[in-house]
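Read the figures in this text as sums done on the coordinates, not as results from a lab. Fair warning: this is a prediction, and the values are worked out from it, not measured in the lab. All Cβ positions, even for glycine, are placed from backbone atoms using ideal geometry, and neighbour counts span all protein chains on display.
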Amino acid sequence: MRRSLAAVSILAWAFICSESAWAQNSLEKNRKHYFPPERVSVLPVVFTPKGEKAPRKELDGIVLRHLKWTQRRYGELLGTTFEIEDKIRRVRGKKTLNEYRERDGNAVLDFAAELLQEFGYNRFNCPHVFLIVVANSKDDWPIGVGSVLNGGYNTGGGATMMSTDVFTKKPNTQSTLEHELGHTFGLPHVDAYGIEMTGNNPSLMSYNQAHWTRGFEPSLQPAAMIPEDIRALALNDRLIPNLEFSSTKDVPDGYKLFWTPIPLAPIKMEGQPDYTIEVKSNAGSAFNSKVESCVVGYFRQSPGPDIYFDAGSMWHSEPVAENVTLDLTFPFPVELTKIRLYSGHSGQYHPVKAFSVSASTETGDQKPLANHEMASFDGEVTFASTESQHWHLELTPGESKAIVLRGLRFYSGTTEVFPPQLCLVE
C-alpha cells in the first residue's frame, strides 16, 4: 500500500509517542499507544511560560489544599470521588506569556499539547486531567477554561487552566476549581440543558455567585450537583469509578430530567491527530443524518415501541441496490480483533441483516476477516488479530434496502479503542 508523506509522519509520531510513554512512564508494555487509560487522575502542574519567574514553592501547598478540598467536595456530593496526584509537577513552557495570551481561551490547547509531550503521553493514552496553574505575576489571565481531550465521557484525559493570581489573590478559588474540573470531567454548562446559568441554580456548573467561596472558607450556599450532572459523571468510569446514577434516588419528585446527557466536543491540539475516524460509504445519507455519526459519536438505544430516530446521532442511508459499504480510515494503523455494530431504530426499522469485515494489506489488497449473520439488530464479529489503517465493511440491508446505524465500536482484545464520546448502549 502506498503511503503519503503525511501518513508516514503520523506513523513516526505514533511510534515516538508510544516508545516515549513506555520508557518514561512505565506504561504496560503490552498496551498500544492508542489504548485509552484504564484510570484517570488529576495531575496539578505549575506551568511557567518562557521568560517568567517561577512561582514560590508556597504556591504548591495552596494548590494541593484546594485540589484536595475539591476532591472531598465531589465525594460528599457523589459518595465517591476522583483520584489526585499529590505531587505537583513544575514545567517550563515553550512560549512567552504574551504568545499564549494571544490565543486567549484556546491557550489551554497549547498547554495540553506541551504537557502531553513533556510527560510522554498522547491524547489517546493520557491517564491524567491536567490542572494547569499558569505563572503570571501581572494579572489574572488566564481565566478558567476546562476541556476533555477527546470529548464526551470516559474517553480519557482532560485539561483546565487557571492563573496563579486565582490561587493567591482571588477569593472564589475553590468554587472556580470545582466548576472548571467539572468541565474536564465532561460536564457542560447547565444552559446545555435549557437551564439558566445565573440566578438561584444549585449546580456547580452554573454561574450562581451565591456558590462563591472565600479563600478556604466555604460558601454559605455551596454548589451541588443536579441530576443531569450526576448522570453524566456516572458515565465516566475511568475518572470516577463506582458511581451509579439512579432515576429514583438521584431525581427528585416532580423534577423533569433532560432527555439525554450532553457531551463536550473533542479538542484540536498541535502535534496530535484529531480524535476521529474517516468514514465513506457508497450510499447517500437521508433525513439530514451523517455517516460520520457511526463512529466516536453519540450511541443511543432505540428499542421501540415508540418511533425514535435521532438524525444527530444515527445514520440513515439512502436505499441501495445491493450492499451498503463503509470504508473506515483511522489516523494510523490499529490492531483489532472485534467490531460491534448497532443497527436499526425503534426496534423495527432498517436493521442490518448481515455484515462482513475486511482490512487493507500493505499491498493495497483487501483481506477478508469475518462474516456475521445478525440474530438481532445488534451484533459483532470477531477475527484473528489484524493491524491496518483502512477497514472495509459490507452491510446487507433488509427489505427496505436502507439501513440505520446507531454506532460502531472497535476492540483490540478486551480493550475498546477510539471509544465513543457518549455511549448509552450495552
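Among the listed pairs 32/95; 290/401; 95/138; 138/170, those whose Cα-Cα separation exceeds 22 Å are 32/95.
Under the membrane-span-like helix rule (DSSP H runs whose alpha carbons stretch at least 24 Å along the helix axis, mean Kyte-Doolittle hydropathy 1.0 or higher), the chain yields 5-25.
Potential lengthening of the chain between residue 361 and residue 39 amounts to 112.6 nm, from the contour at 0.36 nm per residue minus the alpha-carbon distance.
Take 92-100, 121-129 and order them by the average number of nearby Cβ atoms within 10 Å per residue, most first; the result is 121-129, 92-100. Between the beta carbons of residue 137 and residue 353, assuming R0 = 51 Å, the FRET efficiency works out to 0.20 to the nearest 0.05. Computing FRET efficiency as 1/(1 + (r/R0)^6) for residue 301 and residue 246, where r is the C-beta to C-beta distance and R0 is 22 Å, gives about 0.80.
Here's the picture: a label point sits 7 Å out from the Cα of residue 325 along the beta-carbon direction, and within region 386-411 the residues with their amide nitrogen under 11 Å of it are 392-395. Report, ordered by chain and residue number, the aspartates and glutamates lying within cross-link reach of residue 268, taken as a straight Cα distance under 14 Å and ignoring same-chain residues fewer than 8 apart. Within the straight-line cut-off, residue 268 pairs with 110, 114.
Once the Cβ-Cβ distance of residue 265 and residue 50 is raised to the sixth power relative to R0 = 22 Å, the FRET efficiency obtained is 0.15.
To the nearest 500 deg cm²/dmol, what mean residue ellipticity at 222 nm is calculated for the chain from DSSP H runs of n ≥ 4 alone, each contributing -39,500 (n - 2.57), summed and divided by the residues? Display every interim value, and only then the final one.
Working: 7 runs with 84 residues, N = 426.
When only DSSP H runs of four or more count, the value is -6000 deg cm²/dmol.
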